[in-house]
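One structure is given here, and the rest of the page talks about it.
The values are calculated or read from the model by the stated rules, or taken from the named source; none is laboratory data. Given the structure is predicted, the values throughout are model-derived calculations rather than measurements. Here the Cβ is made from the backbone with ideal geometry for all residues, glycine too, and neighbour counts use every protein chain on show.
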Amino acid sequence: MSDSEFGFDFHRLPRVFEPLGRAQIRGFTSDFEVDEILGFEPSGDGEHLLVQIRKSDQNSHWVAGILADLAGIDRRDVGLCGLKDRAAVTTQWFSLYLPGKGLATSELEHSDYTIMAAVRHHKKLRRGMHSGNFFTILLRQVSADIGTLERRFNAIRRWGVPNYFAEQRFGHGGGNLSEAQRLIDSGRLRGNRHGTGMYLSAARAWLFNLVLAKHIANHLAGDQFPNGQTGPLWGRGRSAAVARVAEVESQVLADWGPWRHALEHAGLAQERRNLILVPRDFDFKPLEQGQVRVQFGLPKGCFATAVLREMGELFRHQMPLL
């Protein structure tokens with residue numbers, strides 16, 4: 001099934017705000033910076049060495065492999081909280097399992113990254129252990145009136161934006177959804193231990209986006225938005241949704257029985273995700289030559305493009321992001 005058959009186009013999902021104009025995103029790698037926020041203090045002792053890495057144009061898995069080789073350990077003994085964009089300047093933490101083994105920071109140096117800090121800890125880093133990420137993003141060729149744009153960002157800071165999963169979760173052209181469909185059809189969507197965790201996550205995210213898009217469409221048509229409510233990350237168990245939210249979910253997902261069934265039998269418990277995302281520590285700064293710098297923090301699992309798309313249309317190298 002192709003992305004067009006899914007109707008996948010992140011930038012055509014319903015917006016709360018009308019686009020004010022256009023802006024170039026990621027014109028250069030340095031235009032998009034992401035700093036991982038652990039949300040806890042390393043213990044200072046233990047069998048794991050936490051290493052904070054700053055990298056540019058590098059894949060997180062690639063860096064983890066380099067660290068394993070340099071430390072002389074198995075790749076499975078390297079932990080991380082989440083994957084960071086390759087086409088960006090990113091700071092993130094990795095853990096190296098080094099029981100009873102001392103290792104100088106200089107032994108881990110490599111031309112593909114810079115080591116910012118190293119400290120011992122008593123636990124391996126695992127997916128989702130961090131609290132969030134802080135973004136510093138330079139927008140170029142901004143076509144909107146700066147005063148109007150600043151008012152829009154103030155509105156976003158106050159009210160938030162739809163908490164959509166962005167295109168990164170679905171792969172190029174929605175390819176992860178196509179693979180999820182194939183795995184569901186063959187009864188093989190089973191999760192990380194079976195090598196299909198990426199597609200399971202995409203399937204969950206897709207159903208959530210469908211539900212959220214319906215809430216936004218209903219709101220734009222005049223219905224009251226269910227503020228403070230959540231949407232489904234599908235799995236086994238009873239829904240915690242209030243009645244009118246559950247009614248929308250039932251309506252939207254009625255034709256997705258095979259997907260719901262597969263997620264329920266993939267070992268996942270049903271979870272909930274906030275429908276609205278409110279950025280924190282928001283800062284807006286107009287620069288020269290039609291440029292704007294924005295900074296904000298987001299909880300883990302949330303996407304900067306979900307915030308920026310409520311400003312206007314984003315494009316890369318003169319081409320729309322599809």
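Couple of notes before you dig in:
- One residue stands out in region 56-78 among those that are of a type in the set (A, V, I, L, M) and outside any strand (DSSP E or B): the one that is surrounded by the most Cβ atoms within 10 Å (Cβ to Cβ), namely 67.
- Listed by position, the helices (runs of 4 or more DSSP H) inside region 139-256 whose residues that are charged (D, E, K, R) and within 19 Å of residue 312 (Cβ to Cβ) number at least 2 are 146-159.
- Region 263-283 residues that are under 19 Å from residue 246 (Cβ atoms), paired with ones that are of a type in the set (Asp, Glu) (beta carbon under 9 Å, 6 or more apart): 270/264
- Scanning region 266-288 for residues that are among the small types (Gly, Ala, Ser) and more than 21 Å from the chain's Cα centre (by Cα) returns 266, 267.
- Residue pairs meeting the criteria (Cβ under 9 Å; at least 6 apart or on separate chains; first assigned to a strand (DSSP E or B), in region 39-55; second buried (at least 21 other Cβ atoms within 10 Å of the Cβ) and of a type in the set (Val, Ile, Thr)): 53/63; 53/90; 54/90; 55/63; 55/90
- Counted residues, region 15-38 - those being assigned to a loop (DSSP other than H, G, I, E, B) and more than 22 Å from residue 143 (Cβ to Cβ): 1
- Within region 83-101, at least one residue is farther than 30 Å from residue 218 by Cα, of a type outside the set (Gly, Ala, Ser), exposed (fewer than 14 other Cβ atoms within 10 Å of the Cβ) and in contact (Cβ under 8 Å) with a residue 40 or more places away in the chain.
- Region 79-105: number of residues that are in a loop (DSSP other than H, G, I, E, B) and in contact with a Phe, Trp or Tyr (Cβ under 8 Å, 6 or more places away or on another chain): 4
- Flag if residue 246 is out of contact with any helix residue (DSSP H, G or I) (no Cβ under 9 Å at 6 or more places or on another chain) and in the same structural domain as residue 161 (by TED's automatic domain parsing): yes
- Considering residues of region 194-235 that are among the β-branched types (Val, Ile, Thr) and free of Cβ contacts under 8 Å to residues at least 60 places away in the same chain only, the residue farthest from residue 259 (Cα to Cα): 230
- Of all the numbered requirements in (1) crowded, with 16+ Cβ neighbours inside 10 Å; (2) at positive phi, residue 205 misses one, and that requirement is (2).
- When each of 26, 15 is tested for being in the same structural domain as residue 156 (by TED's automatic domain parsing), crowded, with 16+ Cβ neighbours inside 10 Å and closer than 24 Å to residue 159 by Cα, the lone residue that passes is 15.
- Residue check for residue 188: touching a residue at least 24 places away in the same chain (Cβ under 8 Å), more than 19 Å from residue 164 (Cα to Cα) and surrounded by fewer than 20 Cβ atoms within 10 Å (Cβ to Cβ): no
- Qualifying positions in region 38-55 - closer than 24 Å to residue 108 by Cα, surrounded by fewer than 18 Cβ atoms within 10 Å (Cβ to Cβ) and within 22 Å of the chain's Cα centre (by Cα): 38, 40, 54
- Out of 266, 246, 241, 262, one residue alone is surrounded by fewer than 17 Cβ atoms within 10 Å (Cβ to Cβ) and either more than 19 Å from residue 167 (Cα to Cα) or not hydrophobic (A, V, I, L, M, F, W, C) (or both). It is 246.
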